[in-house]
Each structure stands twice: as structure tokens, then as C-alpha cells.
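**Q** Quick one: this structure, given as C-alpha cells, is what I'll be asking you about.
The values are calculated or read from the model by the stated rules, or taken from the named source; none is laboratory data. In this text the structure is predicted, and so the values were computed from the model without any measurement. Cβ placement follows ideal geometry from the backbone for every residue including glycine, while neighbour counts extend to all protein chains displayed.
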């Protein structure tokens, strides 16, 4: 049997334009000749575009591609549509007054065939024998797809690109195709575009995750934890599940709609003679999403903790929050009931050994750990959140045994579980790797979708982590 | 001033010693209402003073700090603690006359001068609160008749009082009303509201008496809690060195061993701590602890007797009057022990290894807990109090040794506890000299080396039955159950 003897394919900062409809940007990617990849991502992320680039589609505006083989077999909806369009055009172009029959199936299959024996066998297996004489354009979508597959497989390609090859195939055909792919893994590198992880064949060695026209992540399947995180990310991006409802039993005092949520007047934080925050005026109106940024030491977390009541100097400042002028006999629990809060330091403080489900439920009580019996409804809501996060199977696992990223996701769910009037996300991506950053941002976007009752206060200093819908910005400077 | 306890008739002494009731959470339904809008002035801004004040303020109460003029003028740490946290700070003269509740959170030793200074400044009908009853019970402080006197004592270090509150929980807390000073009958309501303000009601509140608190607290801290751990540390370390075990290993085994083995105690009592051992090791530890109990029982009795009849506090107060001569000497001596001077070695000891190689330490904890409990209950202190002051607090003290050895333990505990700890240690080290002669590395340092780990069934059953039927286990499982109910998912 021939073994693979191709060069590695290298994409170096490649930007590709597809008729101004879509752009892939700055793709860095190495495909080694003994690897088999799956490209995955959400709808419209650029999966098919990236696969097509390897078949020479699109206009390269920047960067270089080397090592691409000449004979690339490509099966995709786009290629299929193109082929059918070409056939129909032949029809239109016919100026003679005879009825065009179009290209027959056998011609489509055998015109460029490198391995007629294989082609015959596949025609048999795909059940196309009786259709060989029919016009290609008369076939059903599923039948044309089979023709495409036979063409590609029997052309002895140096690289085989299959974009959603399993879509619409019946069970037997699917098994047959998968078995055939397995039989050629030693000779033919493959790139599969798949929406669903559970369709991924065993022989796949690597996964590329595409998001917003960028190759966001590549994962070696052997790296189990990264692979699982990618699975989770895809779940979060593609799930139809909505953010669970609040608990109707958990009612908040009604806020006066004419009052802002938060108003700081001349807020100042100082330690000894060192002034951290100097005379800050800041008002957060309901529904006005804010982004707060500034360098380390500029007092971002200090300002937030004046709002949450965690900073002792909130009693020496003029602070109005959720209807309370601070320092008039209100307790911090009366303040905290209006706030959902996530930060790295919360994660450090959240060291109690409790189950994942309880971590989410603790958001109803603003507590770290659970000290009260939870209601059935609270448990149900927590289960819905776990399903949304793709962590249903981990409901009863101890929180402190989870990965750092999974812990962060749970803490975000905890912050959101009661649908707080103010959601404070204090550098929610800090300390996370790329994968987990993607996960967290996907969750936050999901949460922010049409949740008007929650005002978001997002703190970061990474300009790239932007969240849709935020239009107000406050920048803090370092004082000294 | 005379020892207050000794002025009471026997029947009243017994009644007061026996006071201790685990309160139901429904008793705290009024929250902090009884203290709402009242002016609370804290005296002392150390770990308890600051952290209790932070909690009370975050519960919506009005808290300020009265400090001595020199602490304010010199901007001492207490002044910094209070001002940096945004509290109003003033002198006694500034703040005490306005106070509805004065919280005395200074060290025991300062109680007499502090209370003597503030009492004339306090307004008619105000409340004076303590977190330890020594001043009232042992020193016999007479408080003005119009003042209400209560005690609210969180059973954890100040830093934990704060940390648990911030998490939305609290620490177990003991409250009491000094019945001689409850003119308006509002003492209990105030004490309950105060316990809610610090978060204590979420972790469980014991309703006790000044007397039961003092007599059990003193007994626990000087015997099992601090005395036994100090004596055990010194004896076990010296034995291991004598037997040629690496000093760094020996130091680590002890410094972190107490914490590890008493963690098992915290979760499941003495039974669980011994269940962590193999069967032969368990029987060994049991036998050693029986021997230890026999040798040490007279010492525990003496400590309890001296505490009950006031000898202990009298002798300690004589040392206070003598510029702490004994205390300071003993503190210096402790710093010179080999255990204290040998840093923990850079070796990995697994959690189980602390048990396997520390059989004697397990035996010492068991003996100490059971003896302290038995002695206290024999003296009329009821089981709940005795449990909290022996078994419950042992892991807390063990944690301090893990941080910085005996120095840290003695720096964290009160001067009173430290004094009692040294007293115990000085009596106990020579008492155990003979016992220690026969000790080998199989029970401290290396663990049993048995070809055959089999045991006699009958003996094992006897040991297990004895462990499980000790009265400290019965009350412990009930109280831990209460804790677990509230702290369900910890």
C-alpha cells in the first residue's frame, strides 16, 4: 500500500477573500501529512471557507500557502451547487432546438476517474447502478451527493476534503462510507468539516475550531481535556437551550424606576496617604451596560467593591445603590441580593468543597458554599444551567476538582442564576487559556442575549474581549 | 474584688456550670432588630475587635471604636485598623457616654483597668458586653446595677469570624447573660441580636452562663487544646531525634501532623480519627492512649480543681502583678526547644502517612480529648460545653501549629491560655518521662512494620466498641449533626 508521501501544508498568516461575501483572516495552520483533521465551528464561522481554501477556492489577499497538493478531492454543498449550476447552464446555452439530456451520471463519474475499479465498486455500494444513464441534473440532492463522493474518492486524491459528508446519508450508506474512509487513512490525508462532534470518526487526529472567520483554536485529539473543552464550547455555541428563568419565589424589593441603579459621588479610596481612587463621580442607569477598564492598580476592583459593599470604605463615601444610601442601617446582604458578581478573587475565595450544582444554587443566597436547604425549584433551575453549560454529568462532582475554566463557567452561572439587576463581570477571562476564554465569552454572550432586566458591568483590560451591546465606557487611570 | 464563683452557694454553682443549650434557629427570627439604631462602641481593635466590628457594621449596625488616647496619638496598629476600615474612632470620653452597647474586646488582662475606666462614663441603662467571662467570674468585677452585662463569644479566631461572615455563614458562638446584671431583662435579646450581627446564628449558638464558659474554656485550653499539643510536640520530636530519625522529617511530621489527624477528628470524632489507622495500629493507639489516660488523669483533675476553686486564676494574676515573669520566662524557654528550632524538612509526607507514622500523636489527642471531656463533665460542666471546649476546638489550635509551630499557637491564643498551657507542659513532660522511655519509632516516626497485619477479632471488637461508646462521641455526633444541618453542603 502506498503510504502518504506529501509535504506538510503550511498556511502562514493567510487572509482569503470570497467574492467580498466572506473573509478568512490571518490563518496560521500546519497540516502534517500524517494527520486527519476535523474543522468545526458554529454556522457562518467559516468552516467551509477554510476547507475550500485548501482546494484553491478564494482570493488570497495576504500571506502564503505552501505544500498544497495538485489533486485535491473536494465534496461540499458549494461544490455540489456549482456542479449542478454548470449543468443547468449547459442547458441554457443550448441554442439548438433539441431537448438537452444533460451529462449522464456515468460520464460524471468516469470522466476524470483514476480508479475505475473502485468507482464501479462504489457505484454498486451506493446503489447508483440503475441511475448510471440518467442525467446528472435529474438526480435528487442525496443522489448527486453520492455521485460527488464517488468522483472524489475514485480520483485518488492527494488530499481529500469532505464538507459535511455524512449529512443526509441513510444509516447503511453512512456505515459504508465511514468504513471506506477508514480503509484509506494510510494513503490519503483527510480534512472533514463537521458540525457535530459525535459524528467524528475515530481516525481523526486533530480538530480545528473556526470562529468569526478566524482559526481560533487547534486541538490535538490526544489532549483529552482540551478536546472536552472544545466539545463544551461547541455545545454552548450551538445549543438551542436558553438561559434558564429566574426563581419566581426569589423576589427582590421593587426599585424606583426614576432612580439610577448606582450613583457614586466624589468616591475616594485611600490607604494611609496613598490615594487609589480620587473623587470619582459615576452613575449607572438601568439598562446602561458599562465597560470599565484601566491598568493594574487603577482601582477597578476597588470601585466595584464600593458598589458591592465589600470595601470597608463604602461607609465613608457618598454611595447610593439599589435604593439605599449606604451607611443607614442596611445590611450588605440587602445590597448583594441585587448583584451577580464574578471575579478571579471570588474564584480563589470559593474554596469550599461543594458540588457543582450547589455552587450554582449558592447564587440565590449570595454565599460561598451552601448553608441553607435549597428548594426543588432552585435545584431544577441549577440543572437547567448545567445543561446549558454542557456539564449535566458533573452536577454532583466536587467543584474544587474541576478545571479552572469550568469553575469560572459555573461561577458565571452562579452570578446569573437569580437574574440580578446588576451583573458585574470583573475580568471574567483573566487567567484563562484561549479555549476557556472562548467558552466564557460564549456564555456571556448567551446570557446577554435579550436579557433586558440585567444591566451588565464588564471590567477588563484586554481590548479584544469585547461584549456585544456595551456602549458606555469608563476608563480609570493609575493615580501615582 | 473577690472570685465571683466562690461567693455562690454550691447549688447555684452547679446550676450555672450546667448551663448550656444549643439554640434553635427559630429563636433568631428577630435578626438584629434589638440593636438597630443603637450605638455600639467597641473597645480594642485587635483581631476580634476589628472583625466583629466589620461584621456588625455589614449587618446594618452602628459601630465605632473607643481607643486609649495614646493609641490614637501614636497612630498605633489598633488606630490604623479602625480608621483604614472607615470607622469612627474616638477616646473613651468621646464615645462611651453616647454608647448603648459597649463591646469590651480587649485581652483578659486589660479587662479590670478597661472596665474600671469605662464604667463611670457609660450612660444609664446601657449594656456592657464581654467575649470572655474571666473578668466577671474570676476577678469578681462588680458592674453598676443599671447596666446589662452579656457575653458573646465566637468560638474561632477573629480572622475566621470575618471570613465565614463574608461567605454568608458564621462561626459557632456562645452567648450568656450575667443574671446579676440584667435589670431590664433585655440581656438575652441583645446577645441574640449581637450573635446574628456577627453571623454566629447561621453556624449555631450555645446559650451558656458566664461561669460555665469560663470554667470550661480555661480547662480546655490549658489541657487538651494547647498543653497537650505542646507537650506532645516536644516529647515526640525529642524521641524521634533520639531514635535517629531525620530532624527535618520529624519536625514536619509533628508540625503538620496535628493538623492532619485532627481534621479527621473534626469530621468524625475520636472514632473517625482512629479509624484512619490500620487495624493493628488502631489497637496500638488505643492501648497507648489508655496508658496515657491512666498516667495523666491526676494532672487533668488538678487543673480542673484549680480552675474550679480559683487557684489557677489567683496564681496567674499574681504573675500579672509580677510583670508576667513566669509567662515571659516560659515563652522564652519554649522558643529554645529543639522542635521549635528545627525547621520542617523539605520532604513529602502524604496525608495517610501522618496517621501511619504518628500513632503516638493520635493516642495523645485521643487521651487528651477524652480526659478533658471526662474531667469537665465530672466537675458539673455539661456535655455540650465540654465537647466544644475539648474536641471541637482541637483542630483550630492544631492549625496554628501548622502555620508556625508552638510560637504561632502561643501568639494566637490568649495570655490566659498561654499561661495555662505552660503550667500543664511543665507538669506533663516529667510525668510522661517513664512512659516515653519505652516508646520506639514504630509508634512515632516510622510506623508499624508488620509482616502480618491481621488482628484478633475479639480485641478489635472491644476496641471499636470502647471508641464508639465514649460519651464525647455521643454528644459529638449530635452537635456535629446540628452543624451539618445548617452547614449542609460543606
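**Q** Answer with yes or no whether residue A:339 is under 16 Å from residue B:168 (Cα atoms), more than 11 Å from every other protein chain (Cβ to nearest Cβ), under 29 Å from the mean Cα position of the chain (by Cα) and surrounded by 20 or more Cβ atoms within 10 Å (Cβ to Cβ).
**A** Yes; evaluated as a whole, the condition is true for this residue.
**Q** Give region B:79-101 a look and list any residue that's touching a helix residue (DSSP H, G or I) at 6+ places or on another chain (Cβ under 6 Å) and either facing chain A (nearest Cβ under 10 Å) or crowded, with 18+ Cβ neighbours inside 10 Å (or both), or say none.
**A** B:79, B:81, B:85, B:86, B:89, B:92, B:96
**Q** State whether the residues of region B:152-170 include one that is away from chain A (no Cβ under 14 Å), in contact with a strand residue (DSSP E or B) (Cβ under 6 Å, 6 or more places away or on another chain) and over 30 Å from residue B:318 (Cα atoms).
**A** Yes: region B:152-170 contains one or more residues that are away from chain A (no Cβ under 14 Å), in contact with a strand residue (DSSP E or B) (Cβ under 6 Å, 6 or more places away or on another chain) and over 30 Å from residue B:318 (Cα atoms).
**Q** Okay, moving on. Say whether the condition of being away from chain A (no Cβ under 14 Å) and either surrounded by 23 or more Cβ atoms within 10 Å (Cβ to Cβ) or free of Cβ contacts under 8 Å to residues at least 24 places away in the same chain (or both) is met by at least one residue in region B:52-60.
**A** Checked region B:52-60: no residue is away from chain A (no Cβ under 14 Å) and either surrounded by 23 or more Cβ atoms within 10 Å (Cβ to Cβ) or free of Cβ contacts under 8 Å to residues at least 24 places away in the same chain (or both).
**Q** Taking the condition outside the structural domain of residue A:384 (by TED's automatic domain parsing) and at pLDDT below 85, does residue A:215 pass?
**A** Taking the combined requirement at face value, the residue does not satisfy it.
**Q** Just need a number here: residues in region A:275-316 that are within 14 Å of another protein chain (Cβ to nearest Cβ), within 20 Å of residue A:338 (Cα to Cα) and in a loop (DSSP other than H, G, I, E, B).
**A** The number of residues fulfilling the criteria is 3.
**Q** Considering (1) within 14 Å of chain A (Cβ to nearest Cβ); (2) touching a residue at least 40 places away in the same chain (Cβ under 8 Å); (3) closer than 25 Å to residue B:126 by Cβ; (4) touching a helix residue (DSSP H, G or I) at 6+ places or on another chain (Cβ under 8 Å), say which one residue B:25 fails and leave the rest.
**A** Among (1) within 14 Å of chain A (Cβ to nearest Cβ); (2) touching a residue at least 40 places away in the same chain (Cβ under 8 Å); (3) closer than 25 Å to residue B:126 by Cβ; (4) touching a helix residue (DSSP H, G or I) at 6+ places or on another chain (Cβ under 8 Å), residue B:25 violates only (3).
**Q** Just to be sure, is residue B:133 touching a residue at least 40 places away in the same chain (Cβ under 8 Å), under 26 Å from the mean Cα position of the chain (by Cα), surrounded by 20 or more Cβ atoms within 10 Å (Cβ to Cβ) and away from chain A (no Cβ under 14 Å)?
**A** yes
**Q** Looking at A:205, A:238, A:188, which one is under 18 Å from the mean Cα position of the chain (by Cα), within 23 Å of residue A:27 (Cβ to Cβ) and in contact (Cβ under 8 Å) with a residue 12 or more places away in the chain?
**A** A:238
**Q** Something else: Quick one: would you say residue A:296 is modelled with pLDDT of 90 or more and either buried (at least 19 other Cβ atoms within 10 Å of the Cβ) or out of contact with any helix residue (DSSP H, G or I) (no Cβ under 8 Å at 6 or more places or on another chain) (or both)?
**A** no
**Q** Yes or no: residue A:272 at pLDDT 90 or above, on the phi > 0 side of the Ramachandran plot and within 14 Å of chain B (Cβ to nearest Cβ)?
**A** no
**Q** Pairs please, first residue from region A:80-106 and under 21 Å from residue A:130 (Cβ atoms), second anywhere and in a loop (DSSP other than H, G, I, E, B) and at pLDDT 65 or above, Cβ atoms under 6 Å, 6+ apart in sequence or on different chains.
**A** A:87/A:102; A:104/A:133; A:105/A:132; A:105/A:134; A:106/A:132
**Q** Let me ask something additional. Report whether or not residue A:98 is part of a loop (DSSP other than H, G, I, E, B), modelled with pLDDT under 85, surrounded by fewer than 21 Cβ atoms within 10 Å (Cβ to Cβ) and in the same structural domain as residue A:135 (by TED's automatic domain parsing).
**A** Yes; evaluated as a whole, the condition is true for this residue.
**Q** Considering only residues that are surrounded by 21 or more Cβ atoms within 10 Å (Cβ to Cβ) and away from chain B (no Cβ under 11 Å), look in region A:365-385 and name the one that is farthest from residue A:239 (Cα to Cα).
**A** Restricting to residues being surrounded by 21 or more Cβ atoms within 10 Å (Cβ to Cβ) and away from chain B (no Cβ under 11 Å), the top hit is A:378.
**Q** State whether one or more residues within region A:133-149 are touching a strand residue (DSSP E or B) at 6+ places or on another chain (Cβ under 9 Å) and within 30 Å of residue A:30 (Cβ to Cβ).
**A** So far as region A:133-149 goes, yes, one or more of its residues are touching a strand residue (DSSP E or B) at 6+ places or on another chain (Cβ under 9 Å) and within 30 Å of residue A:30 (Cβ to Cβ).
**Q** Separate question: Taking the options A:62, A:71, name whichever one is surrounded by fewer than 15 Cβ atoms within 10 Å (Cβ to Cβ), under 27 Å from residue A:212 (Cα atoms), at pLDDT 85 or above and in the same structural domain as residue A:181 (by TED's automatic domain parsing).
**A** A:62 is the lone residue from the list that is surrounded by fewer than 15 Cβ atoms within 10 Å (Cβ to Cβ), under 27 Å from residue A:212 (Cα atoms), at pLDDT 85 or above and in the same structural domain as residue A:181 (by TED's automatic domain parsing).
**Q** Residue by residue through region B:137-152, note down the ones that are under 19 Å from residue B:41 (Cβ atoms) and buried (at least 23 other Cβ atoms within 10 Å of the Cβ).
**A** Once the filter is applied, which keeps residues that are under 19 Å from residue B:41 (Cβ atoms) and buried (at least 23 other Cβ atoms within 10 Å of the Cβ), region B:137-152 yields B:148, B:149, B:150, B:151, B:152.
**Q** Find the residue count for region A:344-362, including only residues that are crowded, with 22+ Cβ neighbours inside 10 Å and more than 11 Å from every other protein chain (Cβ to nearest Cβ).
**A** 2
**Q** A further question follows. With (1) under 18 Å from residue B:100 (Cβ atoms); (2) outside the structural domain of residue B:160 (by TED's automatic domain parsing) as the list, and residue B:60 as the residue in question, which single condition is left unmet?
**A** Going through (1) under 18 Å from residue B:100 (Cβ atoms); (2) outside the structural domain of residue B:160 (by TED's automatic domain parsing) one by one, residue B:60 breaks only (2).
**Q** Does residue B:11 qualify as being within 14 Å of another protein chain (Cβ to nearest Cβ), in a helix (DSSP H, G or I) and either on the phi < 0 side of the Ramachandran plot or crowded, with 17+ Cβ neighbours inside 10 Å (or both)?
**A** So residue B:11 does not fit the description; no.
**Q** Right, residue A:201: within 30 Å of residue A:312 (Cα to Cα) and assigned to a loop (DSSP other than H, G, I, E, B) or not?
**A** Criteria not met by residue A:201.
**Q** Would you confirm, using the coordinates I've provided, whether residue A:407 is part of a helix (DSSP H, G or I) and either in contact with a helix residue (DSSP H, G or I) (Cβ under 9 Å, 6 or more places away or on another chain) or within 14 Å of chain B (Cβ to nearest Cβ) (or both)?
**A** Yes; evaluated as a whole, the condition is true for this residue.
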